[in-house]
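Asks: The structure follows.
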Amino acid sequence: MHDATVAQAEPIEQIRSERFNNFIDSYALTAELNGQPYALENLSDTGAKLTSVSGSIVKGNVYPFKVLSSENHVLFECQAEIVWLNESCDTYSFGIDFTDHILPRELLNSLDRLMLTEYEIEKELNAFDSIPEDFRLLVFEIENFFIHLKKHVDELEENYETRNEESKASLLDAMEVRFGNYVSDKLNHFGRRLYDYLDHLKDKQKAERYLNFFRNELNEFYLQSPYAKRAMEKPLGYAGDYEMMNQVYRNGYEGKNLFAKLIHRYTVNEAAAISVRERKAYLAQKINACIQECQSKVISIASVACGPAQEWGEFFNTYTLPEDAQLEIVLIDQDKEALLEARRNASSAVRASGMTKQVKVRCEPVAVKDILERNPEALALLSSGFDMVYSAGLYDYLPGPIAKSLTKILTKALKPSGQLIIGNFHPSSSTRAICEFSVDWRLIYRTEEEVVELGSELEGFEIESEVDSQSIVVYLLIQN
Ligand SMILES: C[S@@+](CC[C@H](N)C(=O)[O-])C[C@H]1O[C@@H](n2cnc3c(N)ncnc32)[C@H](O)[C@@H]1O
């Protein structure tokens, strides 16, 4: 059976070119000369070599020639002249030149592409088959939720498009009353179920299959959230930069449409994001305790990797300084943009509290590396001595030996009775799963014992740990 689609052959213009031996193997092509089948040994733009066990063709004669696919589709047909002939005991082989056409290369290229496509599809199907059914079901369940959510939310938004601004704004207000939490709760629930599959990411090859599958199915939805998108894209080289912290603290509906806004709201309400907001209140309370208990009236407190330093807003909103106290706030970060933001936030909090005469804000562009390498400026900064040094959102990125060295150096920067507080995400954080599966945000999680271990080489300090209300952030407390 011959296919009606015969390739458009091009007139001969070029001399004999490379032969497509591999091509013939890959596609199992056959040939027909003068109505008889032959094996196609090789094929070039302008000719071919054919073989069979017997034959009755004559050198110099011209015959009709066809190239056929394995399914007998005619790929190419033309007239061909026999240019040489070779007959041995068991093979009959001969060479032909196409007399009026050259082989259509574009057809070969297209065939190649299609074959590659077939290969890719097979590869994806195999990868899919190798993923356990329960994980597939979970991913499809999440996808199903997203599809339904998007359909309804897009329709809803469309209905509001022609309305006035007040009416549009009312939709977001209403979301805050009910629907926002409904969506966040559903996605949080999926995130917790995903946590059971975290172990599969330990094996590199397995991880690749799981992650490809998860991201192929779901990231078009998750990454609608500007927070998730930034975490995935890592414009400053890592997820969790100061702008992401601001997104968490703003805790709003951000994104280019209603669906995106809802997904964003969920991402900044995952358990870890709630803990980050709680961390602000925790640190403000520790800062207050330090100030109240400080023997000296001149108090100095430093934040290492301060980010936007929002805890100072919380502090000045909630507490007041003793009348005669002088406070120096030292904000340290490697990122100048983060420091600008930190200065703005801390200074406006001070101004709003009316305590500008008592408080000085100092910003220092210093990286952990400068501290570890004992860079003179970093050393000078630390040698001034602090009543409290704290660091939140940094140790989760530091491997053990670096975390230990930094801890040692920071304890040396404490005044007598000074305190070092270090926050670190706990392995039980359920947000860990969605962070790793969806946006490739991998942190170093530590248990209570593991944070205490960071201070194991210190002498003369009281060391303890405490966890936040959701057991998501663990704090290491080192008291001089
Ligand atoms: C997750 S944010 C935490 C910010 C802040 N402590 C908070 O809780 O909101 C991390 C901050 O650490 C800073 N950072 C990251 N690696 C650092 C390093 N090696 N040295 C100094 N700062 C660093 C980043 O610039 C960013 O502002």
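Asks: For Lys59, go through the aspartates and glutamates and keep the ones whose alpha-carbon is under 15 Å away, minus same-chain ones fewer than eight residues off.
Replies: Here the aspartates and glutamates satisfying the reach criterion relative to Lys59 are Glu81, Glu87, Asp97.
Asks: Output the 0 to 90 degree angle, nearest 10, between the alpha-carbon long axis of helix 133-161 and the longest principal axis computed from the alpha carbons of the chain.
Replies: Relative to the chain, helix 133-161 is tipped by roughly 80 degrees.
Asks: Next question. Please compute the Kirkwood hydrodynamic radius of the chain from all pairs of different C-alpha atoms, in Å with one decimal.
Replies: Working: mean 1/r = 0.0357 Å⁻¹.
Computed over Cα pairs of the chain, the Kirkwood hydrodynamic radius comes out at 28.0 Å.
Asks: Take region 278-479, drop everything but the C-alpha atoms, weight them equally and run the Debye formula without solvent; then report log10 I(q)/I(0) at 0.16 Å⁻¹ to two decimals.
Replies: Each listed q maps to, in turn, -1.07.
Asks: Starting from the amide H of Lys415, placed 1.01 Å from N in the peptide plane, find each other amide H under 5 Å away whose residue is 5 or more places distant or on another chain.
Replies: Here Phe386, Asp387 satisfy the definition.
Asks: List the pairs from Lys202/Lys408; Lys256/Lys336; Lys150/Lys186; Lys229/Lys261; Lys123/Lys234; Lys336/Lys360 whose alpha-carbon separation is above 24 Å, in the order I gave them.
Replies: Cα-Cα > 24 Å for Lys202/Lys408; Lys256/Lys336; Lys123/Lys234; rest within.
Asks: Find which of Ile57, Pro399, Ser353 sits farthest along the positive direction of the dipole of the chain, computed with +1 on the beta-carbon of Lys and Arg, -1 on that of Asp and Glu, about the Cα centre.
Replies: The listed residue farthest towards the positive side: Ser353.
Asks: Follow-up question, since we're still on this one. By how many degrees, between 0 and 90 and to the nearest 10, does the Cα long axis of helix 258-267 differ from the longest principal axis of the chain?
Replies: Once rounded, one gets 60 degrees.
Asks: Could I ask something else about it? Let me know the Kirkwood hydrodynamic radius for region 173-289, please, with Cα pairs as the basis and the value in Å to one decimal.
Replies: 15.7
Asks: What do you get when you divide the Cα radius of gyration of region 21-126 by 2.2 N^0.38 Å, with N the number of residues?
Replies: Values: Rg = 15.2 Å, N = 106, 2.2 N^0.38 = 12.9 Å.
Here the Cα radius of gyration is 1.17 times the empirical estimate.
Asks: Another question, if that's okay. Restricting the count to DSSP beta bridges whose residues both fall in the chain, what percent are antiparallel, rounded to a multiple of 5?
Replies: 70
Asks: Pull up the DSSP beta bridges for region 364-480 and report the antiparallel fraction as a percent, rounded to 5. Intermediate values should be presented prior to the final figure.
Replies: On the way: 13 of 18 bridges.
Once the DSSP bridges in region 364-480 are tallied, antiparallel ones form about 70 percent.
Just so you know, all these numbers are worked out from the coordinates, no wet-lab data involved. Because the structure is a prediction, the values reported are computed rather than measured. Every residue, glycine as well, gets a Cβ built from its backbone with ideal geometry; the counts of neighbours run over all protein chains shown.
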